[in-house]
Amino acid sequence: MEEAKPPVRRPLWTVPLLDKDGSSKGLHNAAVVHQDGVVYVRSKKDGLYAIDAATGRERWRAPLAGARPGAPVATSHAVFVATDGGAVHALRPADGEPLWRQAPGGRLRNPGAGDMWTSGSVVLVSFLPFTYDDDPDPPPAVLYALDTRNGDLLWHTEAMLQEVRDGLAYVNPPDASLTALDPRTGAVRWSAPPEKSGGRCTLDAFAAGLVFGRNGNVGIGSKLVAYDPRTGDARWTAPAAHASMPVAHGDAVYVSAPGRSKRDLQQLQAFDAASGKLRWTAPAFSTTLNESAAIAADGDCAYLNWSEDISFGEDRTMLRAHDARTGRERWRSERPDSSYAAKAAPGDRLFICYLKDWYCYDTRTGKALWRVGAGGSTSARPPLAADGMLYFANDEGVHALRP
(Lines give C-alpha, C1' and ligand atoms only; values in the text may rest on other atoms or scores of the structure.)
Protein backbone atom coordinates (compact mmCIF):
# COMPACT_ATOMS: atom_id res chain seq x y z
CA MET A 1 0.00 0.00 0.00
CA GLU A 2 1.13 3.57 -0.62
CA GLU A 3 2.20 5.43 2.49
CA ALA A 4 2.51 9.09 3.34
CA LYS A 5 5.99 10.57 3.37
CA PRO A 6 7.80 9.88 6.64
CA PRO A 7 9.31 12.72 8.68
CA VAL A 8 12.67 14.20 7.69
CA ARG A 9 15.54 12.97 9.88
CA ARG A 10 17.81 15.78 11.00
CA PRO A 11 21.53 14.96 10.81
CA LEU A 12 23.62 14.82 13.96
CA TRP A 13 26.06 17.03 12.10
CA THR A 14 26.50 18.42 8.61
CA VAL A 15 29.59 19.72 6.87
CA PRO A 16 28.29 21.97 4.08
CA LEU A 17 30.47 21.76 0.99
CA LEU A 18 29.10 24.50 -1.24
CA ASP A 19 30.64 27.24 -3.35
CA LYS A 20 29.94 30.91 -2.57
CA ASP A 21 27.08 30.90 -5.08
CA GLY A 22 25.49 27.91 -3.34
CA SER A 23 26.42 25.38 -6.01
CA SER A 24 27.87 21.98 -5.16
CA LYS A 25 31.60 21.41 -4.97
CA GLY A 26 31.18 18.20 -6.93
CA LEU A 27 30.10 15.47 -4.47
CA HIS A 28 27.86 13.78 -7.06
CA ASN A 29 27.92 10.04 -6.36
CA ALA A 30 30.79 10.51 -3.90
CA ALA A 31 31.71 7.53 -1.73
CA VAL A 32 32.17 8.09 2.01
CA VAL A 33 35.07 6.18 3.58
CA HIS A 34 35.46 5.64 7.34
CA GLN A 35 38.71 4.74 9.08
CA ASP A 36 39.88 5.20 12.70
CA GLY A 37 37.16 7.72 13.59
CA VAL A 38 37.65 9.83 10.46
CA VAL A 39 35.32 10.22 7.48
CA TYR A 40 36.96 10.81 4.09
CA VAL A 41 35.12 12.16 1.06
CA ARG A 42 36.38 13.57 -2.21
CA SER A 43 35.19 16.67 -3.97
CA LYS A 44 35.79 17.11 -7.68
CA LYS A 45 36.63 20.77 -7.08
CA ASP A 46 38.49 20.75 -3.77
CA GLY A 47 40.11 17.34 -3.46
CA LEU A 48 39.96 15.17 -0.33
CA TYR A 49 38.32 16.15 2.97
CA ALA A 50 39.08 14.47 6.29
CA ILE A 51 36.25 14.99 8.81
CA ASP A 52 36.04 13.97 12.45
CA ALA A 53 33.36 11.26 12.51
CA ALA A 54 32.10 12.17 15.98
CA THR A 55 31.84 15.95 15.70
CA GLY A 56 31.84 16.82 11.99
CA ARG A 57 34.88 19.06 12.45
CA GLU A 58 37.05 19.32 9.38
CA ARG A 59 40.48 17.95 10.29
CA TRP A 60 42.22 18.76 7.04
CA ARG A 61 41.76 19.12 3.31
CA ALA A 62 44.15 18.05 0.56
CA PRO A 63 43.57 20.19 -2.56
CA LEU A 64 44.08 17.47 -5.15
CA ALA A 65 43.04 18.54 -8.63
CA GLY A 66 40.89 16.17 -10.63
CA ALA A 67 39.72 14.05 -7.71
CA ARG A 68 36.76 12.50 -9.51
CA PRO A 69 34.60 9.59 -8.37
CA GLY A 70 36.57 6.50 -7.62
CA ALA A 71 36.68 5.96 -3.87
CA PRO A 72 39.88 6.60 -1.90
CA VAL A 73 41.14 3.95 0.48
CA ALA A 74 42.41 4.53 4.01
CA THR A 75 44.52 2.60 6.48
CA SER A 76 46.01 3.58 9.82
CA HIS A 77 49.24 4.49 8.01
CA ALA A 78 48.13 6.26 4.83
CA VAL A 79 45.22 7.53 2.76
CA PHE A 80 45.47 6.77 -0.96
CA VAL A 81 43.74 8.89 -3.59
CA ALA A 82 43.81 8.54 -7.39
CA THR A 83 43.27 11.62 -9.51
CA ASP A 84 42.71 12.33 -13.18
CA GLY A 85 45.93 12.48 -15.10
CA GLY A 86 46.93 9.03 -13.88
CA ALA A 87 48.32 10.05 -10.49
CA VAL A 88 48.19 8.30 -7.11
CA HIS A 89 48.73 10.22 -3.87
CA ALA A 90 49.60 8.82 -0.45
CA LEU A 91 48.69 11.17 2.41
CA ARG A 92 49.42 11.11 6.13
CA PRO A 93 46.15 10.44 8.05
CA ALA A 94 47.03 12.81 10.89
CA ASP A 95 47.28 15.99 8.83
CA GLY A 96 46.94 15.17 5.12
CA GLU A 97 50.59 15.91 4.37
CA PRO A 98 51.87 14.09 1.28
CA LEU A 99 53.95 10.97 1.79
CA TRP A 100 54.52 10.36 -1.91
CA ARG A 101 53.02 10.94 -5.35
CA GLN A 102 53.40 8.83 -8.45
CA ALA A 103 51.77 9.06 -11.87
CA PRO A 104 51.78 5.51 -13.29
CA GLY A 105 48.95 6.33 -15.72
CA GLY A 106 50.42 9.62 -16.88
CA ARG A 107 50.99 8.38 -20.43
CA LEU A 108 47.35 7.38 -20.93
CA ARG A 109 44.94 9.64 -22.83
CA ASN A 110 43.25 11.88 -20.26
CA PRO A 111 42.75 9.00 -17.80
CA GLY A 112 40.01 8.88 -15.17
CA ALA A 113 40.52 6.93 -11.97
CA GLY A 114 38.53 3.93 -10.80
CA ASP A 115 38.20 2.55 -7.29
CA MET A 116 41.26 1.54 -5.29
CA TRP A 117 42.32 -1.20 -2.90
CA THR A 118 45.23 -1.56 -0.55
CA SER A 119 46.85 -4.14 1.70
CA GLY A 120 49.81 -3.60 3.95
CA SER A 121 52.24 -3.53 1.04
CA VAL A 122 50.35 -2.99 -2.23
CA VAL A 123 47.89 -0.40 -3.52
CA LEU A 124 45.91 -1.20 -6.68
CA VAL A 125 44.13 1.26 -8.95
CA SER A 126 42.75 1.20 -12.49
CA PHE A 127 42.83 4.17 -14.85
CA LEU A 128 40.49 4.34 -17.82
CA PRO A 129 41.68 6.46 -20.78
CA PHE A 130 39.20 8.90 -22.24
CA THR A 131 37.29 7.66 -25.26
CA TYR A 132 34.53 8.88 -27.51
CA ASP A 133 31.19 7.07 -27.52
CA ASP A 134 31.59 6.17 -31.18
CA ASP A 135 35.22 5.06 -30.90
CA PRO A 136 35.38 1.71 -32.78
CA ASP A 137 38.47 0.64 -30.86
CA PRO A 138 38.37 2.24 -27.39
CA PRO A 139 41.57 2.02 -25.32
CA PRO A 140 41.47 -0.45 -22.41
CA ALA A 141 41.72 0.36 -18.74
CA VAL A 142 45.11 -0.24 -17.14
CA LEU A 143 45.56 -1.64 -13.63
CA TYR A 144 48.63 -0.56 -11.67
CA ALA A 145 50.13 -2.06 -8.50
CA LEU A 146 52.26 0.29 -6.41
CA ASP A 147 54.42 -0.24 -3.35
CA THR A 148 52.65 1.47 -0.42
CA ARG A 149 55.97 2.59 1.10
CA ASN A 150 57.18 4.77 -1.76
CA GLY A 151 54.78 4.40 -4.70
CA ASP A 152 57.20 2.40 -6.85
CA LEU A 153 55.49 0.54 -9.67
CA LEU A 154 55.41 -3.21 -9.00
CA TRP A 155 53.47 -4.36 -12.07
CA HIS A 156 50.71 -3.31 -14.44
CA THR A 157 48.28 -4.96 -16.86
CA GLU A 158 45.36 -4.02 -19.07
CA ALA A 159 42.33 -4.58 -16.83
CA MET A 160 39.67 -2.85 -14.73
CA LEU A 161 39.79 -3.68 -11.02
CA GLN A 162 36.52 -5.11 -9.66
CA GLU A 163 37.24 -6.41 -6.17
CA VAL A 164 39.99 -7.78 -3.93
CA ARG A 165 39.05 -10.55 -1.57
CA ASP A 166 40.76 -13.45 0.22
CA GLY A 167 44.10 -12.77 -1.44
CA LEU A 168 42.84 -12.46 -5.02
CA ALA A 169 42.31 -9.39 -7.21
CA TYR A 170 39.33 -9.86 -9.53
CA VAL A 171 39.57 -7.90 -12.77
CA ASN A 172 38.00 -7.54 -16.20
CA PRO A 173 40.67 -7.60 -18.95
CA PRO A 174 39.92 -6.37 -22.50
CA ASP A 175 38.62 -9.84 -23.45
CA ALA A 176 35.72 -9.26 -20.96
CA SER A 177 36.62 -12.35 -18.94
CA LEU A 178 36.55 -12.57 -15.16
CA THR A 179 40.18 -13.02 -14.18
CA ALA A 180 41.75 -13.58 -10.76
CA LEU A 181 45.23 -12.18 -10.15
CA ASP A 182 47.78 -12.34 -7.36
CA PRO A 183 47.70 -8.72 -6.09
CA ARG A 184 51.37 -8.82 -5.10
CA THR A 185 52.77 -10.08 -8.40
CA GLY A 186 50.01 -9.70 -11.02
CA ALA A 187 50.27 -13.39 -11.88
CA VAL A 188 47.07 -14.84 -13.33
CA ARG A 189 45.55 -17.51 -11.10
CA TRP A 190 42.61 -18.26 -13.40
CA SER A 191 40.38 -16.74 -16.04
CA ALA A 192 36.73 -17.44 -16.96
CA PRO A 193 35.96 -16.31 -20.53
CA PRO A 194 32.60 -15.10 -21.84
CA GLU A 195 30.44 -17.85 -23.29
CA LYS A 196 29.54 -15.89 -26.40
CA SER A 197 31.20 -13.33 -28.64
CA GLY A 198 30.25 -9.85 -27.50
CA GLY A 199 29.35 -11.05 -24.02
CA ARG A 200 31.15 -10.30 -20.80
CA CYS A 201 31.63 -11.62 -17.30
CA THR A 202 30.87 -9.72 -14.13
CA LEU A 203 31.76 -10.07 -10.47
CA ASP A 204 28.72 -9.49 -8.27
CA ALA A 205 28.71 -11.36 -4.96
CA PHE A 206 30.45 -13.77 -2.58
CA ALA A 207 28.78 -16.52 -0.53
CA ALA A 208 29.39 -20.08 0.69
CA GLY A 209 33.05 -19.84 -0.31
CA LEU A 210 32.12 -19.15 -3.93
CA VAL A 211 32.31 -16.20 -6.32
CA PHE A 212 29.16 -15.20 -8.22
CA GLY A 213 28.89 -13.34 -11.48
CA ARG A 214 26.92 -13.11 -14.72
CA ASN A 215 28.13 -14.45 -18.03
CA GLY A 216 26.57 -13.32 -21.30
CA ASN A 217 24.83 -10.24 -22.60
CA VAL A 218 24.65 -8.60 -19.19
CA GLY A 219 21.46 -6.69 -18.53
CA ILE A 220 19.58 -8.39 -21.34
CA GLY A 221 20.27 -12.10 -21.11
CA SER A 222 22.99 -13.70 -19.01
CA LYS A 223 23.50 -16.72 -16.80
CA LEU A 224 24.29 -16.68 -13.11
CA VAL A 225 27.53 -18.61 -12.53
CA ALA A 226 29.11 -19.76 -9.26
CA TYR A 227 32.90 -19.98 -9.55
CA ASP A 228 35.40 -21.81 -7.36
CA PRO A 229 37.75 -18.99 -6.23
CA ARG A 230 40.73 -21.38 -6.18
CA THR A 231 40.46 -22.60 -9.75
CA GLY A 232 37.84 -20.53 -11.56
CA ASP A 233 35.85 -23.67 -12.35
CA ALA A 234 32.09 -23.17 -12.61
CA ARG A 235 30.51 -25.04 -9.69
CA TRP A 236 26.99 -24.43 -10.96
CA THR A 237 25.05 -22.34 -13.44
CA ALA A 238 21.48 -21.18 -12.96
CA PRO A 239 19.08 -22.50 -15.62
CA ALA A 240 17.39 -19.17 -16.38
CA ALA A 241 18.66 -16.10 -18.21
CA HIS A 242 19.26 -13.48 -15.53
CA ALA A 243 18.84 -9.77 -16.01
CA SER A 244 19.60 -8.35 -12.56
CA MET A 245 22.68 -8.06 -10.40
CA PRO A 246 22.61 -10.96 -7.93
CA VAL A 247 22.79 -10.29 -4.20
CA ALA A 248 24.10 -12.81 -1.68
CA HIS A 249 23.49 -13.10 2.04
CA GLY A 250 24.33 -16.04 4.27
CA ASP A 251 23.87 -19.24 2.26
CA ALA A 252 21.50 -17.79 -0.35
CA VAL A 253 21.84 -15.90 -3.64
CA TYR A 254 18.94 -13.80 -4.96
CA VAL A 255 18.30 -12.62 -8.51
CA SER A 256 15.43 -11.18 -10.48
CA ALA A 257 14.95 -12.93 -13.79
CA PRO A 258 12.49 -14.14 -16.37
CA GLY A 259 11.80 -17.83 -16.74
CA ARG A 260 12.97 -20.06 -19.55
CA SER A 261 10.68 -18.46 -22.13
CA LYS A 262 11.18 -14.94 -23.46
CA ARG A 263 7.51 -14.31 -22.70
CA ASP A 264 7.85 -15.20 -19.03
CA LEU A 265 7.56 -12.38 -16.51
CA GLN A 266 10.40 -11.43 -14.20
CA GLN A 267 10.45 -13.11 -10.80
CA LEU A 268 12.51 -13.01 -7.64
CA GLN A 269 14.43 -16.27 -7.33
CA ALA A 270 16.39 -17.66 -4.37
CA PHE A 271 19.17 -20.20 -4.89
CA ASP A 272 21.16 -22.25 -2.44
CA ALA A 273 24.58 -20.66 -2.77
CA ALA A 274 26.57 -23.86 -2.37
CA SER A 275 24.58 -26.19 -4.63
CA GLY A 276 22.64 -23.92 -6.99
CA LYS A 277 19.35 -25.56 -6.04
CA LEU A 278 16.38 -23.26 -6.58
CA ARG A 279 14.82 -22.76 -3.13
CA TRP A 280 11.82 -20.67 -4.05
CA THR A 281 10.41 -18.28 -6.61
CA ALA A 282 8.35 -15.21 -5.76
CA PRO A 283 5.48 -14.06 -8.00
CA ALA A 284 6.17 -12.20 -11.22
CA PHE A 285 6.54 -8.45 -10.99
CA SER A 286 7.27 -7.03 -14.44
CA THR A 287 6.74 -7.71 -18.10
CA THR A 288 9.70 -5.61 -19.24
CA LEU A 289 13.11 -7.24 -19.19
CA ASN A 290 15.09 -4.01 -18.90
CA GLU A 291 13.14 -2.92 -15.82
CA SER A 292 15.54 -4.88 -13.66
CA ALA A 293 14.94 -4.72 -9.95
CA ALA A 294 17.23 -3.65 -7.15
CA ILE A 295 17.60 -6.38 -4.53
CA ALA A 296 18.76 -6.23 -0.92
CA ALA A 297 18.94 -9.01 1.67
CA ASP A 298 19.57 -9.71 5.34
CA GLY A 299 19.18 -12.78 7.51
CA ASP A 300 15.38 -12.58 7.56
CA CYS A 301 14.25 -11.35 4.16
CA ALA A 302 15.05 -10.60 0.57
CA TYR A 303 13.78 -7.20 -0.55
CA LEU A 304 12.64 -6.68 -4.12
CA ASN A 305 12.43 -3.08 -5.27
CA TRP A 306 11.52 -2.01 -8.81
CA SER A 307 10.36 1.09 -10.63
CA GLU A 308 8.17 1.35 -13.68
CA ASP A 309 6.58 4.00 -15.85
CA ILE A 310 2.83 3.75 -15.40
CA SER A 311 1.93 6.75 -17.59
CA PHE A 312 3.55 9.77 -19.19
CA GLY A 313 5.56 11.59 -16.52
CA GLU A 314 4.33 9.29 -13.74
CA ASP A 315 6.48 6.63 -12.07
CA ARG A 316 5.82 4.03 -9.42
CA THR A 317 8.12 2.07 -7.13
CA MET A 318 7.02 -1.23 -5.63
CA LEU A 319 8.80 -2.72 -2.64
CA ARG A 320 8.22 -6.25 -1.38
CA ALA A 321 9.80 -8.21 1.48
CA HIS A 322 10.00 -11.99 1.11
CA ASP A 323 10.86 -14.46 3.86
CA ALA A 324 14.41 -15.70 3.28
CA ARG A 325 13.49 -19.32 4.05
CA THR A 326 10.17 -19.72 2.26
CA GLY A 327 9.79 -16.79 -0.14
CA ARG A 328 6.44 -15.91 1.46
CA GLU A 329 5.62 -12.22 1.14
CA ARG A 330 5.79 -10.49 4.50
CA TRP A 331 4.89 -6.95 3.50
CA ARG A 332 4.82 -4.56 0.58
CA SER A 333 4.91 -0.82 0.03
CA GLU A 334 4.33 1.51 -2.89
CA ARG A 335 5.44 5.06 -3.73
CA PRO A 336 4.61 7.34 -6.69
CA ASP A 337 8.28 7.91 -7.45
CA SER A 338 11.23 6.34 -9.24
CA SER A 339 14.06 4.64 -7.34
CA TYR A 340 17.45 3.23 -8.24
CA ALA A 341 18.99 1.36 -5.29
CA ALA A 342 18.24 -0.72 -2.19
CA LYS A 343 20.53 -1.55 0.71
CA ALA A 344 19.99 -3.45 3.96
CA ALA A 345 21.68 -2.02 7.05
CA PRO A 346 22.23 -3.15 10.65
CA GLY A 347 19.45 -2.71 13.18
CA ASP A 348 16.54 -3.98 11.01
CA ARG A 349 16.87 -1.10 8.57
CA LEU A 350 16.45 -0.93 4.81
CA PHE A 351 17.39 2.06 2.63
CA ILE A 352 15.59 2.73 -0.63
CA CYS A 353 17.08 5.46 -2.82
CA TYR A 354 14.42 7.51 -4.56
CA LEU A 355 15.36 10.30 -6.92
CA LYS A 356 15.40 13.04 -4.29
CA ASP A 357 15.30 11.21 -0.95
CA TRP A 358 16.66 8.20 0.85
CA TYR A 359 13.95 6.39 2.80
CA CYS A 360 14.71 4.31 5.87
CA TYR A 361 12.30 1.39 6.39
CA ASP A 362 11.77 -0.90 9.38
CA THR A 363 12.44 -4.32 7.85
CA ARG A 364 10.14 -6.04 10.34
CA THR A 365 7.02 -4.05 9.45
CA GLY A 366 7.74 -2.30 6.15
CA LYS A 367 6.99 1.08 7.71
CA ALA A 368 8.93 4.06 6.34
CA LEU A 369 10.50 5.55 9.47
CA TRP A 370 12.28 8.63 8.15
CA ARG A 371 13.89 10.16 5.11
CA VAL A 372 16.85 12.36 4.28
CA GLY A 373 17.36 14.48 1.20
CA ALA A 374 19.65 13.22 -1.53
CA GLY A 375 20.27 16.78 -2.66
CA GLY A 376 20.12 17.50 -6.36
CA SER A 377 21.69 14.16 -7.26
CA THR A 378 19.76 11.32 -8.85
CA SER A 379 22.34 8.60 -8.24
CA ALA A 380 23.94 9.34 -4.88
CA ARG A 381 25.13 6.41 -2.81
CA PRO A 382 23.26 5.06 0.22
CA PRO A 383 24.53 5.93 3.71
CA LEU A 384 27.57 4.08 5.05
CA ALA A 385 27.06 2.25 8.37
CA ALA A 386 30.14 2.49 10.63
CA ASP A 387 30.64 2.44 14.40
CA GLY A 388 26.91 2.67 15.09
CA MET A 389 26.42 5.73 12.86
CA LEU A 390 25.36 6.46 9.29
CA TYR A 391 27.41 8.73 7.04
CA PHE A 392 26.51 10.00 3.59
CA ALA A 393 27.36 12.70 1.06
CA ASN A 394 25.08 14.54 -1.31
CA ASP A 395 25.29 17.70 -3.39
CA GLU A 396 24.99 19.81 -0.24
CA GLY A 397 27.76 18.27 1.85
CA VAL A 398 28.60 15.43 4.25
CA HIS A 399 26.18 14.32 6.96
CA ALA A 400 26.08 12.01 9.98
CA LEU A 401 22.90 10.34 11.25
CA ARG A 402 21.93 8.14 14.13
CA PRO A 403 20.28 4.96 12.78
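The values are calculated or read from the model by the stated rules, or taken from the named source; none is laboratory data. Source: prediction; values computed, not measured. Cβ atoms come from the backbone with ideal geometry, glycine included; neighbour counts cover every protein chain shown. Surface areas here come from the heavy atoms of the whole protein model, side chains and all, with no ligands, DNA or RNA. Shrake-Rupley method; radii C 1.70, N 1.55, O 1.52, S 1.80 Å.
What are the residues whose amide H is under 5 Å from the amide H of Val164, where those residues sit 5 or more places off or on another chain and H is modelled from the backbone?
Amide H neighbours of Val164: Tyr170.
Per 10 Å bin, what is the whole-percent P(r) computed from every C-alpha pair distance within region 296-403?
15, 46, 32, 7, 0
Treating only the Cβ atoms of Lys and Arg (+1) and Asp and Glu (-1) as charged, compute the dipole magnitude of the chain about its Cα centre; round to the nearest 20 debye.
Charge dipole of the chain: 540 debye, to the nearest 20.
Can you tell which of Val142, Val398, Leu304 lies farthest toward the positive end of the dipole of the chain, using +1 and -1 charges on the Cβ of basic and acidic side chains (Lys, Arg; Asp, Glu)?
About the Cα centre, the residue reaching furthest to the positive side is Leu304.
Let me know the charge dipole size of region 109-188 about its Cα centre in debye, to the nearest 20, where only the beta-carbon of Lys, Arg (+1) and Asp, Glu (-1) is charged.
That gives a dipole near 380 debye.
Quick one: with all protein chains in place, what share of the accessible area of the chain is carbon or sulfur, to the nearest percent (1.4 Å probe)?
48
Label the chain by shape, choosing from rounded, prolate and oblate, from the square roots a ≥ b ≥ c of the eigenvalues of the Cα gyration tensor; if a/c is under 1.5 it is rounded, and otherwise prolate applies when a/b is larger than b/c, oblate when it is not.
Values: a/c = 1.74, a/b = 1.15, b/c = 1.50.
In terms of gyration-tensor shape, oblate.
Please work out the average accessible area per residue across the chain, using the 1.4 Å probe convention, and give it in Å². Kindly include the intermediate steps, with their values, before the conclusion.
Details: 18410 Å² over 403 residues.
Computed with neighbouring chains in place, this is 46 Å² per residue.
In the chain, if the dipole is taken from +1 on Lys/Arg beta carbons and -1 on Asp/Glu beta carbons about the Cα centre, which of Met389, Tyr354, Ala176 is farthest to the positive end?
Checking the options against the dipole of the chain, the answer is Met389.
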